[in-house]
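The values are calculated or read from the model by the stated rules, or taken from the named source; none is laboratory data. Keep in mind the model is a prediction, meaning the values are calculated, not measured. Cβ coordinates were reconstructed from backbone atoms using ideal geometry, including for glycine residues, and neighbour counts include every protein chain displayed. Calculation scope for accessible area: heavy atoms of the full protein, side chains included, ligands and nucleic acids excluded. Shrake-Rupley method; radii C 1.70, N 1.55, O 1.52, S 1.80 Å.
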Amino acid sequence: MLFCLSRFRPIDIARLQREIDELALISENPPPVVTRVLFSEADLRARTFVRNLCREAGLTLREDAVGNIFARWNGTETAQPPIATGSHIDAIPNAGKYDGVVGVLGAIEAIRALRKSGFQPKSSIELIIFTAEEPTRFGIGCLGSRLLSGVLSPEKAALFRDGGGHSLDDWRAKAFHKESLNSVRLPQNGYSAFVELHIEQGPILENEKLSIGIVEKIAAPSTLRIRLTGGGGHAGAVLMPERRDALLAGAEIALAVENSVLTSGSPDTVGTTGVFRIEPGAVNSVPCRAWLEIDLRDTQIATRDAALQKTESAVREICQRRKIEFTLDRVNVDPPAICDSTLVETIFEICSELHISSKRMISRAYHDSLFMAQVCPTTMIFIPCRGGVSHRPDEYSSPEQIEKGVAILARTLSRLASS
Ligand code: GLV
Ligand code: MN
Ligand code: MN
């Protein structure tokens, strides 16, 4: 028998908001800034905070070799694959408190509300707290879900090095994960569905005064890492015709990224040079080395790839002309994800039943859902955020907006776990 909507107990939004505020204080920077880099002390403390909430909610905990946390509410039909939900609690430097967190703490509250309502799932419901959705320590996003889905091999992950030359294994050991990464990949049919609740990170829902976005497609991200080596020297003594300035080559490359994007022919192509470091970094010394990380995305893979190739050709031309040695690595070049149309329809129906306004939309940000979509039917539930602002300390969604998102997630989980 399907769980009856009228028996559904309300979301305790006051408690959820307190938990969101409390988790935001676990940060490498003072409030309102949230920074939680993979396996930093703040990340480890945040994990403990969330594990405790999961235990208090009666969930059974397990962790894999890369630190993905799984918190399960056992269903009556243990032979059926679980329904999964979840998101991340790591945060880029200078972030806010809602990105990822709403999908983790919101899912715990959805489960508590379902329990209070007397709901008993047939299929188990599993909350996944993914490791390193953000590309912080190793410069690659969705580390946990890439390994879970098999898109990233353990051998390739073992080669990752952070800025200090430390490997993923070094950091895993510090975080008490000693088992082999080979055990992380999910089995086929491990989950029957995955639904991630998240803030929109864009302005559409707010502008259109809508409460819920249901994601049909996730844009295709890619990342380039470029190392430039020129010739340094004394800022007074090295005359201009002799210079091989790595910063100036990098500056031209950043402009070439912008040009590749603006001439792609698609308004959906976006490109960002988000990391640009130089050495030696002294006012009276010509920059001899530069390090750039470039993010290029589009909803269409063809235009994204064309912009990527144009950028790479520009790097070669600029470096040749300026006599700069370079290495160029494609850190990741991912396809877009197409979400499951039946799940999208189900959530759309639930929104209508609850008289909550909604629309189908594209996610321009990437999420662990991009990789979960390779494993099982997947979609996302978006809620509005003020001004579309995200990845900034002033990121904000109101308690009312969060409450609606959690209510839709709870109804979705109950419907999926009943069948
Ligand atoms: C995720 O945080 C992204 O950069 O889209
Ligand atoms: Mn993010
Ligand atoms: Mn996120």
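For residue 158, the conditions (1) more than 14 Å from ligand 2 (Cβ to nearest atom); (2) closer than 30 Å to residue 80 by Cβ; (3) of a type outside the set (Ser, Thr, Tyr) are fulfilled apart from (2). Considering only the range 221-241, I want to know if a residue exists there that is free of Cβ contacts under 8 Å to residues at least 60 places away in the same chain and buried (at least 22 other Cβ atoms within 10 Å of the Cβ). For the range 221-241, residues free of Cβ contacts under 8 Å to residues at least 60 places away in the same chain and buried (at least 22 other Cβ atoms within 10 Å of the Cβ): absent.
Where residues in the range 386-401 are in a loop (DSSP other than H, G, I, E, B) and among the small types (Gly, Ala, Ser), which of them is nearest to ligand 1 (Cβ to nearest atom)? Talk me through it step by step, then tell me what you get.
Keep residues of the range 386-401 that are in a loop (DSSP other than H, G, I, E, B), which gives 389-398.
Right, trim to among the small types (Gly, Ala, Ser) and you get 390, 397-398.
On the way: 390: 8, 397: 16, 398: 21 Å.
Filtering first and then ranking leaves 390.
Of all residues in the range 299-329, those that are touching a strand residue (DSSP E or B) at 6+ places or on another chain (Cβ under 6 Å) and surrounded by fewer than 18 Cβ atoms within 10 Å (Cβ to Cβ) total 6.
Looking only at residues of the range 79-109 that are within 12 Å of ligand 2 (Cβ to nearest atom) and of a type in the set (Ser, Thr, Tyr), we find that the one that is farthest from residue 32 (Cα to Cα) is 87. For the range 101-142, the set of residues classified as within 14 Å of residue 53 (Cβ to Cβ) and open to solvent by 10 Å² or more (accessible area, probe 1.4 Å) consists of 112, 115, listed by residue number. Going by what's in this entry, would residue 352 be described as over 23 Å from residue 297 (Cα atoms), crowded, with 18+ Cβ neighbours inside 10 Å and among the small types (Gly, Ala, Ser)? Judged against the criteria, residue 352 is not a match. With respect to residue 305, determine if the residue is assigned to a helix (DSSP H, G or I) and modelled with pLDDT of 95 or more. So residue 305 fits the description; yes.
How many residues are open to solvent by 60 Å² or more (accessible area, probe 1.4 Å) and at pLDDT 95 or above if we restrict to the range 143-163? It would help to see each step written out before you state the result.
The initial filter retains those residues of the range 143-163 that are open to solvent by 60 Å² or more (accessible area, probe 1.4 Å), namely 151, 155-156, 159, 161, 163.
Then drop every residue that is not at pLDDT 95 or above, which leaves 151, 155-156, 159, 161.
Going through the range 143-163 one residue at a time, the tally reaches 5.
If I filter the range 365-385 for residues that are surrounded by fewer than 16 Cβ atoms within 10 Å (Cβ to Cβ) and either away from ligand 1 (no atom under 16 Å from the Cβ) or over 30 Å from residue 240 (Cβ atoms) (or both), do I get at least one hit?
So the first thing to find is which residues in the range 365-385 are surrounded by fewer than 16 Cβ atoms within 10 Å (Cβ to Cβ), and the list is none.
No, the conditions are met nowhere in the range 365-385.
Pairs linking a residue in the range 383-395 that is at positive phi to a residue that is small (Gly, Ala, Ser) and within 11 Å of ligand 3 (Cβ to nearest atom), with Cβ atoms under 8 Å and 6 or more positions apart or on different chains, are 391/95; 391/96. Screening the candidates 363, 419 for the property of being in contact (Cβ under 8 Å) with a residue 24 or more places away in the chain, out of contact with any Leu (no Cβ under 7 Å at 6 or more places or on another chain) and within 15 Å of ligand 3 (Cβ to nearest atom) yields one hit, 363.
Tell me, yes or no, whether the range 104-119 has at least one residue that is in a strand (DSSP E or B) and closer than 29 Å to residue 170 by Cβ.
In the first step, residues of the range 104-119 are kept if they are in a strand (DSSP E or B); the result is none.
Checked against the condition, which is being in a strand (DSSP E or B) and closer than 29 Å to residue 170 by Cβ, the range 104-119 yields no hits at all.
Being more than 16 Å from ligand 1 (Cβ to nearest atom) and surrounded by fewer than 23 Cβ atoms within 10 Å (Cβ to Cβ) is the filter here; which residues of the range 192-210 pass it? Give the derivation first.
Step one: filter the range 192-210 for residues more than 16 Å from ligand 1 (Cβ to nearest atom), giving 192-195, 205-210.
Scanning the range 192-210 gives 192, 206, 207, 208, 209, 210.
Pairs are defined by a Cβ separation below 9 Å, a sequence spacing of at least 6 or placement on different chains, a first member in the range 157-175 that is over 19 Å from residue 47 (Cβ atoms), and a second member that is polar (S, T, N, Q); the pairs so defined are 158/167; 159/167; 160/167; 161/167. Remark: pairs (first residue in the range 47-67, at positive phi; second residue hydrophobic (A, V, I, L, M, F, W, C); Cβ separation under 7 Å; 6+ apart in sequence or on different chains) = 67/175.
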